[in-house]
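S.K.: Below: one structure in C-alpha cells.
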Amino acid sequence: MKKYLLLSLVLAAATASAQTVRKGDANNDKTVDSKDVTEVSNAIMGKPSASYNAKNADANRDDKVNAADVVVITDMILDGTTNAGGQRLVLLKKDGTKSYYDLHEEPVTTFENGQLVLTTSKTTAYFKLSEIVRYTFEGAYDEIGKAKVRAGETVYRQGKDAMSFEGLPKGTVVELYTADGRQLSSQKTSGDTSTEVSLVDQPSGTYYVKIGDSQYKFEKR
C-alpha cells in the first residue's frame, strides 16, 4: 500500500512543540461559560486563579487581556457559539499561512511520534508539529462558513458524504482514492471556487483524499 494511504493527514516535517488554545476558556476547564468571564475580570484586576490560562483569555487575539476580551466571551455565551455545533480547528503554520478545519464534533486530541493527532467518528488527522506555531479550537464553526477566505488561508469542511476545500491555489491537484489504493477521481482547482470531493455515489468504507503532501482519511458509513 502506498505511503500516503498509511496516514490520514500529513502536513510536512518533524518535531516541535505546539500550544493548545481554546478561545475564551480562561479558567482552562474545557468549556466557555460565565466562570470564564469572572476569571478574565479577576485577571484584569491582578487576581487570576491557579487555573488561569492567559492564551485562552485573549479571546479577541490581540495579545492583550482586557475588557475587550470580557465582551467577546460574553457575546460567545449569549450567541451560543461556545461549545455547540462542532469545533473549528485553526492551524497557524510557520510559513504564516492559516488552515481552518470545520469538525462536526469535539475531536480527541493525542500526540504520537511528533504529530498532533485529531480523531472524530468520521475523520482522523495527523499534523506534524514542526510545521505548526499554534493550534486552537474555537467553538462552533458557523461563522467561518460566512467569512471570506483570504489570501494564505485554506478552509476544509466535512459534510455527511463529502469534503470541500476552499482557498487552494489554482491548479492544485485533488485526488480521491479507495483504501486499497485505487484512484476514483482527480481534479485541478480553478483557484476561485470551492473544490468538493463527493462520496455520494460510493459505497460505505474508508477513503483518502490526497492534496500535494497532505492526506485526509474519511469514513463513510
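The values are calculated or read from the model by the stated rules, or taken from the named source; none is laboratory data. All of these numbers come straight from a predicted model, not from anything done at the bench. Note: ideal-geometry Cβ built from the backbone for every residue, glycine included; neighbour counts use all protein chains shown.
S.K.: Any idea how many residues of the range 25-36 are surrounded by fewer than 20 Cβ atoms within 10 Å (Cβ to Cβ) and not in a loop (DSSP other than H, G, I, E, B)?
M.R.: Total meeting the criteria: 2.
S.K.: Here is a further query. When only residues in the range 40-74 that are of a type in the set (Ser, Thr, Tyr), within 25 Å of the chain's Cα centre (by Cα) and in a loop (DSSP other than H, G, I, E, B) count, which is surrounded by the fewest Cβ atoms within 10 Å (Cβ to Cβ)?
M.R.: Step by step, filter the range 40-74, then rank; the result is Ser51.
S.K.: Hey, could you check the range 177-217 for residues that are of a type in the set (Asp, Glu) and surrounded by fewer than 13 Cβ atoms within 10 Å (Cβ to Cβ) and say which is nearest to Val117 (Cα to Cα)?
M.R.: That would be Asp213.
S.K.: Which residues, taken from the range 169-187, are part of a strand (DSSP E or B) and closer than 16 Å to Tyr156 by Cα?
M.R.: Selection gives Val173, Val174, Glu175, Leu176.
S.K.: Another question about this same structure. So which of Arg150, Arg134, Arg88 ends up being at pLDDT 75 or above and either among the charged types (D, E, K, R) or over 23 Å from Val197 (Cβ atoms) (or both)?
M.R.: When all the criteria are applied, what remains is Arg134.
S.K.: Among the residues of the range 91-118 satisfying the criterion of being in a loop (DSSP other than H, G, I, E, B) and modelled with pLDDT under 80, which is nearest to Glu39 (Cα to Cα)?
M.R.: My answer is Glu106.
S.K.: Then there's this: Taking the range 110-125, which residues are of a type in the set (S, T, N, Q) and closer than 16 Å to Tyr156 by Cα?
M.R.: Within the range 110-125, Thr119, Thr120, Thr123, Thr124 qualify.
S.K.: Given the condition in contact with a Gly (Cβ under 8 Å, 6 or more places away or on another chain), closer than 14 Å to Thr123 by Cα, of a type in the set (D, E, K, R) and touching a residue at least 12 places away in the same chain (Cβ under 8 Å), answer yes or no: does some residue in the range 177-188 qualify?
M.R.: no
S.K.: In addition: Is one or more of the residues making up the range 192-215 within 23 Å of Leu89 (Cα to Cα), touching a helix residue (DSSP H, G or I) at 6+ places or on another chain (Cβ under 6 Å) and of a type in the set (D, E, K, R)?
M.R.: yes
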